[in-house]
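The values are calculated or read from the model by the stated rules, or taken from the named source; none is laboratory data. Bear in mind the structure is a predicted one, so any value in this text is a computation, not a measurement. Glycine gets a Cβ as well: all are built from the backbone with ideal geometry, and neighbour counts include every protein chain shown. Just the protein is used for accessible areas: all its heavy atoms, side chains included, with ligands, DNA and RNA removed. Shrake-Rupley method; radii C 1.70, N 1.55, O 1.52, S 1.80 Å.
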Amino acid sequence: MKVLIATEKPFAAVAVEGMRKVIEEAGAELALLEKYTSKAELLAAVADADALIIRSDKVDAEVLDAARNLKIVVRAGAGYDNIDLEAATAHGVSAQNTPGQNSNAVAELVFGMAVMMARNMFNGTSGWELKDKTLGIQAFGQVGRNVARIARGFGMEISAVDPYCPDSVMEEAGVTPVHSVEQLYRENRVVSIHIPATPETRGSIGYDLIASMPKGALLVNTARKEVIDEEGLIRALDARPDIKYAADVAPGRAAEIKEKFGDRVFFTPKKMGAQTAEANINAGIAAARQAIAFLTTGEDRYRVNK
Ligand code: 3PG
């Protein structure tokens with residue numbers, strides 16, 4: 001049994017060691033492909049792998065074609081928009097994620113960026129505090145719930161929208177449920193985005209929502225760049241010089257946006273939300289365990305494809 005860890009953006013070394021232990025103790029072999037720069041390297045490495053563990057690495061039909069022995073691909077993390085699920089199903093491959101394992105890391109980054117933006121990039125001018133400000137959480141999944149927990153510590157007034165989450169779950173977390181995205185953007189000084197990138201959500205946050213935000217608003221996106229309508233974002237930032245935008249990771253038109261709006265916008269150079277030792281260990285080891293469990297027993301409870 002061969003398990004390939006293929007990460008263009010590597011896990012912390014300590015996480016890889018933990019994964020190695022899980023894999024080798026199960027009598028399997030670990031192959032490691034880190035910081036690869038071409039798809040050809042991935043296609044070659046995956047040729048004899050029984051399991052593949054990835055992060056935001058793209059697994060499309062070509063990769064699945066090349067992976068003749070592959071039975072399972074585990075995305076060590078939450079979002080699996082980088083896996084072609086239909087192709088995985090067509091190739092008889094189980095596609096899985098590791099929900100919740102890196103959510104605290106992402107939630108902490110939300111506040112790291114929010115404080116930095118509220119304090120004007122620490123440039124010496126007077127900023128504002130998060131305490132007593134309204135926070136709207138768009139999607140109340142694992143990350144959104146961690147954001148709410150931390151926001152309580154900051155003393156924020158928290159509301160959330162999530163058509164898939166019962167109001168009672170939000171209420172138990174001290175969060176006011178709202179039932180429209182429009183209301184969430186209209187009423188909250190800070191909005192934090194936690195929706196997945198799906199055909200329905202791609203480009204769904206644009207001019208109307210952003211320009212409707214209250215005076216001095218801050219939009220924080222630690223989800224996916226694809227959920228933003230970049231043209232609409234640019235128009236909203238143009239129309240509303242009081243609004244700021246911070247994102248992990250940079251939009252497609254990052255250079256143009258940065259040039260136009262300067263310190264009113266901030267982008268991480270690489271996706272940093274889950275880039276902590278703890279998140280790497282949690283998600284990496286969970287992925288290794290899931291890969292081994294599937295190969296040895298067929299355990300499939302985190303499967304995300306049909
Ligand atoms: C996720 O979906 O889990 C996060 O976006 C983390 O992505 P990464 O593993 O590429 O850092």
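Which condition number does L30 fail, the rest of (1) closer than 24 Å to Q101 by Cα; (2) open to solvent by less than 40 Å² (accessible area, probe 1.4 Å); (3) within 16 Å of the ligand (Cβ to nearest atom) being met? Looking at each condition in turn, L30 falls short on (3). If only residues of the stretch 140-161 that are more than 20 Å from P214 (Cβ to Cβ) and in a loop (DSSP other than H, G, I, E, B) are counted, the one that is most open to solvent (accessible area, probe 1.4 Å) is G141.
Among residues of the stretch 63-75 being under 17 Å from A40 (Cα atoms) and among the charged types (D, E, K, R), the one that is nearest to the ligand (Cβ to nearest atom) is D65.
When the stretch 233-287 is limited to residues that are assigned to a helix (DSSP H, G or I) and of a type in the set (D, E), the one that is farthest from the ligand (Cβ to nearest atom) turns out to be D238.
Figure legend. Inter-residue proximity from the stretch 162-187: first residues free of Cβ contacts under 8 Å to residues at least 40 places away in the same chain and surrounded by 14 or more Cβ atoms within 10 Å (Cβ to Cβ), second residues assigned to a loop (DSSP other than H, G, I, E, B) and among the aliphatic types (A, V, I, L, M), beta-carbon distance below 9 Å, spacing 6+ or different chains. Indicated pairs: D162/A139; D162/I195; C165/A139; V169/V175; R186/M213.
Among the residues of the stretch 129-144, just one is among the aliphatic types (A, V, I, L, M) and touching a Gly at 6+ places or on another chain (Cβ under 7 Å), namely I137.
Listed by first and then second residue, the pairs with beta-carbon distance under 8 Å, at least 6 apart or on different chains, first residue in the stretch 76-101 and within 16 Å of the ligand (Cβ to nearest atom), second part of a strand (DSSP E or B) and open to solvent by 50 Å² or more (accessible area, probe 1.4 Å), are A95/R303; Q96/R303. Summed over the stretch 112-139, the residues that are surrounded by 21 or more Cβ atoms within 10 Å (Cβ to Cβ) and either within 16 Å of T268 (Cβ to Cβ) or among the small types (G, A, S) (or both) give a count of 5.
In this structure, G298 does not satisfy being at negative phi and out of contact with any Pro (no Cβ under 6 Å at 6 or more places or on another chain).
Residues checked against (1) in contact with a Ser or Thr (Cβ under 8 Å, 6 or more places away or on another chain); (2) open to solvent by 50 Å² or more (accessible area, probe 1.4 Å); (3) under 19 Å from T98 (Cβ atoms):
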position	(1), (2), (3)
G18	no, no, yes
K39	no, yes, no
V46	no, no, no
L52	no, no, yes
R55	yes, no, yes
D65	no, yes, no
G77	yes, no, yes
N82	yes, no, yes
